[in-house]
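> My questions will all concern the structure given below.
The values are calculated or read from the model by the stated rules, or taken from the named source; none is laboratory data. Values in this document were obtained by computation on a predicted structure and should not be read as measured data. Note that we place each Cβ from the backbone using ideal geometry, even for glycine, and neighbour counts take in every protein chain shown. Side chains included, ligands, DNA and RNA excluded: accessible areas come from the protein's heavy atoms. Shrake-Rupley method; radii C 1.70, N 1.55, O 1.52, S 1.80 Å.
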Amino acid sequence: MPELLYVGLIGLGVMGQRMLARLADHPRLRATRIWDADPAALARTLAAHPQLQPADSADALVATPGLHTLYIATPPAPHMALSHRAFDAGLAVFCEKPLTVDFDAARRAIARIDRERQRAAVNFSLASSPGLAALRAACGVGGDGGVDAGVDAGIGALQTVQIELAFARWPRPWQAAAGTWLAERAEGGFTREVLSHFIFVLQRLLGPAQVLSARPDYPADGRGAERALTATLLAGGVPVQLQAQVAGTVDDFNRMTLQGSTGAVELRDWFGLQQRQGDGPWQARGDPAAMRQRGQADQLDQWVALIEGRAHGLPGYAEALAVQQTIEALLAGGRTA
Ligand SMILES: NC(=O)c1ccc[n+]([C@@H]2O[C@H](COP(=O)([O-])OP(=O)(O)OC[C@H]3O[C@@H](n4cnc5c(N)ncnc54)[C@H](O)[C@@H]3O)[C@@H](O)[C@H]2O)c1
């Protein structure tokens, strides 16, 4: 593989912009060609990044000579169709979560990936985080590819997991420019958008989760996304309590606590980590900003490994489908799809 790896991007909304900013600092990944179904989004992006080349369509973008990989940052509905177009063109795909809410389409894509050895991964940002590595080490699951776990000792036998989320408003302020889909029940909502990251972490720690009970609370208009969710799950034999709501004054509160027989460890505000022994005081482990930066840099390096066909730690489509099956069961009040 050449030193520079060329990236095409489809979907130039909030996440597309964030990825462009992150790619600008990477020594090997180069954003080159872009497309969005909304001409205004394409024009805005070209004004901010005049070095990029616009495409006329998704097909034209994936057919760009010399392109190595496609990043997909549209809302979920087109994720599978765009993935197939990229596979047809021989590109490695890095797709935003949620993978899709169309499980049959996901299964067909996964079968194709296996059959044709296509290169594909999904962007769960915690996959490459030092926090996940620390949780794995604390529960004795093992380290993640040499990432320094940053915890002193284990927490004994894992007894319970608690996941708590709260949002002063939904969508969160930094997503205010996103499409209306994000606030709607069909494709959006905090369960798909945020909780999926923590269900992914749970799955990496303990295997796929089973929903024992779930109580989503939807607005009466039949259209808006959930406003609250309480649920009980079981993962690897460990009970998991979940509480999430649009309430309070904090824009984006999240906490995932693993309680063991001799201590506890907590992922907090995405990349923060704290730990305690017994009933002792919580002690912060590492600097959250530095851990975020390390996780993001590592993720791009793993994307390079995906493109080059080397081993990597990014979540595959089958892993992302399993997460989404748990998410949709929660949104359906515990019924599996
Ligand atoms: N990994 C993360 O941490 C993270 C965070 C936020 C959002 N996301 C995910 O990223 C994806 C995009 O979210 P967003 O907040 O950027 O949304 P957004 O609404 O801001 O942007 C989506 C863009 O996709 C374009 N688009 C829609 N359909 C298209 C199609 N068929 N072809 C080409 N372009 C199309 C829209 O015009 C828009 O510009 C979603 O799947 C979302 O869940 C991931």
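> Cβ under 9 Å from D252's Cβ, D252 left aside: what net charge do those residues give with Lys, Arg +1 and Asp, Glu -1?
In short, -1.
> Take each complete run of DSSP H in the chain, measure how far its Cα atoms stretch along the helix's own axis, and keep only those covering 20 Å or more with mean Kyte-Doolittle hydropathy at least -1.0; list them. Intermediate values should be presented prior to the final figure.
Values: long enough: 288-307 (29 Å, -0.37); 317-331 (21 Å, 0.75).
Qualifying helices, which must be both long enough and hydrophobic enough, are 288-307, 317-331.
> How large is the helix-only mean residue ellipticity at 222 nm for the chain, computed as the sum of -39500 (n - 2.57) over DSSP H runs with n ≥ 4, divided by its residue count, in deg cm²/dmol to the nearest 500?
That calculation yields -9500 deg cm²/dmol at 222 nm.
> Also, I was wondering about something else. What does the highest-first list of 238-244, 119-125 look like by mean Cβ count within 10 Å?
119-125, 238-244
> Would you calculate the separation in nanometres between label points at D102 and A24, each defined as 7 Å from the Cα along the Cα-to-beta-carbon direction?
The modelled label-to-label distance comes out at 3.5 nm.
> Which shape class applies to the stretch 219-264: rounded if a/c is under 1.5, otherwise prolate when a/b exceeds b/c and oblate if not, where a ≥ b ≥ c are the square roots of the Cα gyration tensor eigenvalues?
oblate
> Just to confirm, what accessible area per residue do you get for the stretch 182-297 at 1.4 Å probe, in whole Å²?
44 Å²
> If packing is taken as the mean number of other Cβ atoms within 10 Å per residue, what is the order of 227-235, 37-45, 267-275, 104-112, highest first?
267-275, 227-235, 104-112, 37-45
> Need one word for the stretch 79-202: rounded, prolate or oblate. Basis is the Cα gyration tensor (sqrt eigenvalues a ≥ b ≥ c); a/c below 1.5 gives rounded, then a/b vs b/c decides.
Since a/c reaches 1.5 but b/c is at least a/b, the shape of the stretch 79-202 is classed as oblate.
> Accessible area per residue for the stretch 11-67 in Å², computed with a 1.4 Å probe and the full protein assembly in place, what is it?
Ligands and nucleic acids excluded, the result is 50 Å² per residue.
> Ok, one more. Compute the signed sum of charges (Lys and Arg +1, Asp and Glu -1) over the other residues within less than 9 Å, Cβ to Cβ, of L331.
Local net charge: 0.
> Between rounded, prolate and oblate, where does the chain land on the alpha carbon gyration tensor, with a ≥ b ≥ c its root eigenvalues, rounded for a/c under 1.5, else prolate if a/b exceeds b/c?
prolate
> Also, quick follow-up: State the percentage of accessible surface on the chain attributable to carbon and sulfur atoms; use a 1.4 Å probe and exclude ligands, DNA and RNA.
Summing carbon and sulfur atoms, their accessible area is 51 percent of the total for the chain.
> Give me the one-decimal nm value for the distance between modelled label points at L212 and A305, 7 Å along each residue's Cα-to-Cβ direction.
It works out to 3.5 nm between the two label points.
> Something else about it: Net charge within 10 Å of G16 by Cβ-Cβ distance, Lys/Arg positive one each and Asp/Glu negative one each, not counting G16 itself?
-1
> Between the stretch 114-128 and the stretch 1-19, what is the separation of their alpha carbon centroids in Å?
16 Å
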